[in-house]
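Okay, so here's the structure we're looking at.
The values are calculated or read from the model by the stated rules, or taken from the named source; none is laboratory data. From a predicted model like this one, the values you see are computed outputs, not experimental measurements. Here the Cβ is made from the backbone with ideal geometry for all residues, glycine too, and neighbour counts use every protein chain on show.
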Amino acid sequence: MMILTGGLPLGLFTGVGTFTLDHQGGMTHLRVKEEVRGPLRGLLWKATPDTRQDLIDYVNAVKKRAEILG
């Protein structure tokens, strides 16, 4: 598991990205979770770009690379 965190002092805004590898049924699954919290979450979340597509692109690139190295 890899956890990336960032944010503002005093917990006003915190972003946490969790990347987990799970082995199931002979396959390895990459799970990505993004979580934001803190009292300024609503304000800052609306002001930041949507990263969902970036995460989808990242997961697809990891999958492609893993298939090549197979």
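Among the residues of the range 1-33, those identified as at pLDDT 95 or above, among the hydroxyl-bearing types (S, T, Y) and out of contact with any Gly (no Cβ under 8 Å at 6 or more places or on another chain) are T18, T20.
Quick test for you: out of R65, R41, pick the one residue that is surrounded by 13 or more Cβ atoms within 10 Å (Cβ to Cβ) and charged (D, E, K, R). Answer to the selection: R41. The set of residues in the range 29-49 being hydrophobic (A, V, I, L, M, F, W, C) and not in a strand (DSSP E or B) consists of L40, L43, L44, W45, A47. Inside the range 1-17, residues that are over 15 Å from V62 (Cα atoms) and assigned to a strand (DSSP E or B) make up a count of 9.
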